[in-house]
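The block underneath contains the structure these notes are about, expressed in structure tokens.
The values are calculated or read from the model by the stated rules, or taken from the named source; none is laboratory data. What you see is a predicted model, and the numbers here were worked out from it, not measured in a lab. Here the Cβ is made from the backbone with ideal geometry for all residues, glycine too, and neighbour counts use every protein chain on show. Accessible surface is based on the protein model in full, side chains and every heavy atom, while ligands, DNA and RNA are left aside. Shrake-Rupley method; radii C 1.70, N 1.55, O 1.52, S 1.80 Å.
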Amino acid sequence: MNIETMIREVQTQLGIQVDGRAGPETWCAIHARIVKPATVPEDKASPTDPRSQQCIATLLPDVRPLALALIEKAALHGITIKVIGGTRSYAEQDALYAKGRSQPGPKVTNARGGYSNHNFGIAFDIGVFEGNRYLGDSPKYKAVGALGMDLGLEWGGNWKTLVDQPHYQLRPAWAAGMRESDMLAELRRRVANGLAVFA
Ligand SMILES: [Zn+2]
């Protein structure tokens with residue numbers, strides 16, 4: 001087996017970007033996997049908490065390793081994040097959309113069922129935590145945003161119209177350069193026809 005194949009297999013196992021080159025990210029992930037569990041106190045040894053695991057399980061398999069890698073990367077930078085939102089059905093999205101409209105409370109989304117990236121398994125939301133305390137507003141969101149973009153994720157903090165710092169999504173290759181509304185239309189079409197989102 002040649003060295004590049006070996007690195008690719010290691011990268012696949014680590015759930016990080018697979019490019020066959022062992023750069024800083026690969027070494028950080030190897031360090032986190034092999035060295036850190038032995039040296040870090042029990043409560044930080046496994047950065048993936050049950051809530052994150054549950055949310056990540058709702059994502060498409062292509063997106064899961066990236067969500068895990070983001071948690072791991074943030075932890076390496078001393079930032080505790082959890083994945084607190086994953087995939088929602090159209091019905092769940094409609095129920096959210098009703099809040100502040102036909103239902104009481106403030107509006108929480110502008111997207112009906114089928115009009116949110118969260119309806120297709122490609123998007124997740126994170127929360128920054130200090131210990132068990134959730135921080136709704138923290139400069140750390142921006143720091144994590146940079147880490148997410150490094151991983152190839154789109155970060156909601158870059159959006160112009162509705163800045164959404166906790167939001168991340170993996171844009172399918174076919175949607176490169178597409179307007180968000182066009183991408184969502186194609187996602188709806190694919191799901192309605194039983195086609196793969198990422199193929
Ligand atoms: Zn979101």
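Residue check: is Ile79 within 12 Å of the ligand (Cβ to nearest atom) and buried (at least 18 other Cβ atoms within 10 Å of the Cβ)? When the stated conditions are applied, Ile79 does not pass them.
Taking the numbered list (1) in contact (Cβ under 8 Å) with a residue 12 or more places away in the chain; (2) farther than 19 Å from Gln53 by Cα in turn, Gly127 passes all entries but (2). Applying the condition of being outside any loop (DSSP other than H, G, I, E, B) and in contact with a Lys or Arg (Cβ under 9 Å, 6 or more places away or on another chain) to region 96-110 and asking which residue is surrounded by the fewest Cβ atoms within 10 Å (Cβ to Cβ) yields Lys99. Restricting attention to region 119-175, and to residues there that are in contact with a helix residue (DSSP H, G or I) (Cβ under 6 Å, 6 or more places away or on another chain) and aromatic (Phe, Trp, Tyr), which single residue is surrounded by the fewest Cβ atoms within 10 Å (Cβ to Cβ)? Per the criteria, the residue is Trp155. When region 44-70 is limited to residues that are within 16 Å of the ligand (Cβ to nearest atom) and open to solvent by less than 40 Å² (accessible area, probe 1.4 Å), the one that is farthest from Val10 (Cα to Cα) turns out to be Cys55. Of the strands (runs of 3 or more DSSP E) contained entirely in region 111-180, those carrying at least 1 residues that are within 11 Å of the ligand (Cβ to nearest atom) and of a type outside the set (D, E, K, R) fall at 123-130, 167-169.
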